[in-house]
Amino acid sequence: MQNETQPVQRVIACVIQSGPTILLGRRPLHKRHGGLWEFPGGKCEAAESDADTVRRELGEELGIHDIARVGSPLFEHRDPGSCFLIAFVPVAIFGVPQAMEHSEVRWVSIDDIPSLELAPSDAAFVRFMRQSRWQLEPPRTSPPLT
(Lines give C-alpha, C1' and ligand atoms only; values in the text may rest on other atoms or scores of the structure.)
Protein backbone atom coordinates (compact mmCIF):
# COMPACT_ATOMS: atom_id res chain seq x y z
CA MET A 1 0.00 0.00 0.00
CA GLN A 2 1.12 3.55 -0.67
CA ASN A 3 2.79 5.57 2.05
CA GLU A 4 0.69 8.75 2.46
CA THR A 5 3.82 10.85 3.06
CA GLN A 6 5.41 9.74 -0.21
CA PRO A 7 5.44 12.57 -2.79
CA VAL A 8 3.38 12.21 -5.94
CA GLN A 9 5.41 11.03 -8.95
CA ARG A 10 4.21 12.35 -12.34
CA VAL A 11 4.17 9.80 -15.15
CA ILE A 12 3.54 10.57 -18.83
CA ALA A 13 1.51 8.07 -20.89
CA CYS A 14 1.84 8.79 -24.62
CA VAL A 15 -1.29 8.55 -26.75
CA ILE A 16 0.32 7.87 -30.13
CA GLN A 17 -1.97 7.60 -33.15
CA SER A 18 -1.38 6.15 -36.59
CA GLY A 19 -4.46 6.46 -38.77
CA PRO A 20 -7.36 4.79 -36.91
CA THR A 21 -5.10 3.03 -34.38
CA ILE A 22 -3.29 3.81 -31.13
CA LEU A 23 0.02 2.32 -29.97
CA LEU A 24 0.03 0.12 -26.86
CA GLY A 25 2.85 -1.81 -25.20
CA ARG A 26 2.71 -4.94 -23.05
CA ARG A 27 4.54 -4.49 -19.74
CA PRO A 28 7.35 -6.93 -18.97
CA LEU A 29 6.32 -9.68 -16.53
CA HIS A 30 8.87 -8.67 -13.86
CA LYS A 31 7.48 -5.12 -13.51
CA ARG A 32 4.44 -3.75 -11.66
CA HIS A 33 1.33 -4.64 -13.70
CA GLY A 34 3.49 -7.12 -15.62
CA GLY A 35 1.82 -8.62 -18.71
CA LEU A 36 -0.81 -5.87 -18.88
CA TRP A 37 -1.10 -3.43 -21.77
CA GLU A 38 -0.36 0.27 -21.40
CA PHE A 39 0.20 3.48 -23.29
CA PRO A 40 4.01 3.87 -23.57
CA GLY A 41 5.81 6.46 -21.48
CA GLY A 42 7.33 6.79 -18.06
CA LYS A 43 8.23 8.77 -14.97
CA CYS A 44 9.19 12.43 -15.15
CA GLU A 45 12.60 13.14 -13.71
CA ALA A 46 13.29 16.20 -11.53
CA ALA A 47 12.78 19.50 -13.40
CA GLU A 48 11.84 17.61 -16.59
CA SER A 49 8.97 18.93 -18.74
CA ASP A 50 6.34 16.62 -20.21
CA ALA A 51 7.98 17.02 -23.63
CA ASP A 52 11.43 16.18 -22.21
CA THR A 53 10.00 13.08 -20.54
CA VAL A 54 8.35 12.01 -23.81
CA ARG A 55 11.60 12.39 -25.76
CA ARG A 56 13.65 10.44 -23.22
CA GLU A 57 11.11 7.69 -22.54
CA LEU A 58 10.16 7.03 -26.18
CA GLY A 59 13.85 6.80 -27.05
CA GLU A 60 14.42 4.27 -24.25
CA GLU A 61 11.18 2.27 -24.68
CA LEU A 62 10.53 2.40 -28.42
CA GLY A 63 13.74 3.56 -30.10
CA ILE A 64 11.86 6.67 -31.28
CA HIS A 65 14.01 9.81 -31.28
CA ASP A 66 12.02 12.03 -33.66
CA ILE A 67 9.02 13.55 -31.88
CA ALA A 68 6.80 15.76 -34.04
CA ARG A 69 4.46 17.06 -31.34
CA VAL A 70 3.65 16.72 -27.64
CA GLY A 71 0.19 18.01 -26.70
CA SER A 72 -1.47 18.99 -23.44
CA PRO A 73 -2.77 16.28 -21.10
CA LEU A 74 -6.12 14.79 -22.11
CA PHE A 75 -6.71 13.02 -18.78
CA GLU A 76 -4.91 12.50 -15.47
CA HIS A 77 -5.40 9.58 -13.10
CA ARG A 78 -3.91 8.62 -9.74
CA ASP A 79 -2.70 5.02 -10.07
CA PRO A 80 -4.40 2.95 -7.34
CA GLY A 81 -2.06 1.83 -4.56
CA SER A 82 0.89 3.92 -5.69
CA CYS A 83 2.34 7.43 -5.66
CA PHE A 84 1.96 7.76 -9.45
CA LEU A 85 -0.17 10.45 -11.11
CA ILE A 86 -0.43 9.44 -14.77
CA ALA A 87 -1.02 12.13 -17.41
CA PHE A 88 -2.23 10.88 -20.81
CA VAL A 89 -0.71 13.14 -23.46
CA PRO A 90 -1.21 13.10 -27.25
CA VAL A 91 2.11 12.59 -29.03
CA ALA A 92 2.97 12.51 -32.74
CA ILE A 93 6.10 10.60 -33.77
CA PHE A 94 8.18 9.80 -36.82
CA GLY A 95 9.61 6.32 -37.19
CA VAL A 96 8.64 2.73 -36.46
CA PRO A 97 8.31 1.86 -32.76
CA GLN A 98 10.32 -1.15 -31.54
CA ALA A 99 9.67 -3.11 -28.33
CA MET A 100 12.84 -2.12 -26.45
CA GLU A 101 11.38 -2.41 -22.92
CA HIS A 102 7.90 -3.81 -23.54
CA SER A 103 7.50 -7.50 -24.33
CA GLU A 104 5.39 -6.44 -27.35
CA VAL A 105 4.05 -3.28 -29.00
CA ARG A 106 0.90 -3.24 -31.08
CA TRP A 107 -1.23 -0.76 -33.04
CA VAL A 108 -4.83 -1.24 -31.85
CA SER A 109 -8.13 0.35 -32.93
CA ILE A 110 -10.10 2.13 -30.21
CA ASP A 111 -12.88 -0.43 -30.60
CA ASP A 112 -10.44 -3.31 -29.98
CA ILE A 113 -8.63 -1.81 -26.97
CA PRO A 114 -11.21 -3.09 -24.42
CA SER A 115 -10.45 -6.67 -25.51
CA LEU A 116 -6.91 -6.28 -24.09
CA GLU A 117 -6.10 -6.55 -20.39
CA LEU A 118 -5.01 -3.02 -19.49
CA ALA A 119 -3.11 -1.64 -16.50
CA PRO A 120 -5.61 0.09 -14.15
CA SER A 121 -4.88 3.73 -15.06
CA ASP A 122 -4.80 2.90 -18.77
CA ALA A 123 -8.20 1.19 -18.41
CA ALA A 124 -9.51 4.35 -16.69
CA PHE A 125 -8.29 6.46 -19.62
CA VAL A 126 -9.94 4.14 -22.17
CA ARG A 127 -13.23 4.39 -20.21
CA PHE A 128 -12.85 8.18 -20.31
CA MET A 129 -12.25 8.08 -24.09
CA ARG A 130 -15.33 5.92 -24.68
CA GLN A 131 -17.64 7.81 -22.26
CA SER A 132 -16.64 11.21 -23.60
CA ARG A 133 -16.81 9.91 -27.16
CA TRP A 134 -13.26 11.16 -27.60
CA GLN A 135 -12.23 10.98 -31.24
CA LEU A 136 -8.89 10.30 -32.81
CA GLU A 137 -7.51 13.27 -34.63
CA PRO A 138 -8.07 13.01 -38.37
CA PRO A 139 -4.84 12.20 -40.19
CA ARG A 140 -2.97 15.36 -41.14
CA THR A 141 -2.32 15.83 -44.79
CA SER A 142 0.17 18.08 -46.43
CA PRO A 143 -1.21 21.02 -48.36
CA PRO A 144 -1.24 20.48 -52.12
CA LEU A 145 1.87 21.65 -53.95
CA THR A 146 1.24 24.58 -56.25
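Restricting to segment 76-91, and then to whatever is among the aliphatic types (A, V, I, L, M) and buried (at least 17 other Cβ atoms within 10 Å of the Cβ), can you tell me which residue is farthest from residue 33 (Cα to Cα)?
Checking each candidate, the answer is 91.
So residue 117 clears everything in (1) at pLDDT below 95; (2) surrounded by fewer than 17 Cβ atoms within 10 Å (Cβ to Cβ); (3) under 22 Å from residue 20 (Cα atoms) except one condition, right? Which one?
Residue 117 satisfies every listed condition except (1).
Residue 20 is checked against (1) out of contact with any His (no Cβ under 9 Å at 6 or more places or on another chain); (2) under 30 Å from residue 6 (Cα atoms); (3) modelled with pLDDT under 90; (4) of a type outside the set (D, E, K, R) and fails just one. What number does that condition carry?
Status for residue 20: all satisfied but (2).
Can you list the strands (runs of 3 or more DSSP E) found entirely within segment 1-116 that contain at least 1 residues being under 21 Å from residue 130 (Cβ atoms), touching a residue at least 12 places away in the same chain (Cβ under 8 Å) and not small (Gly, Ala, Ser)?
Where strands (runs of 3 or more DSSP E) fall fully within segment 1-116 and carry at least 1 residues being under 21 Å from residue 130 (Cβ atoms), touching a residue at least 12 places away in the same chain (Cβ under 8 Å) and not small (Gly, Ala, Ser), they are 9-18, 21-26, 75-78, 84-94, 104-109.
The values are calculated or read from the model by the stated rules, or taken from the named source; none is laboratory data. Since the structure is predicted, the reported quantities are computational estimates derived from the model, not experimental observations. Using ideal geometry, Cβ is built from the backbone for each residue, glycine included, and neighbour counts are taken over all protein chains shown.
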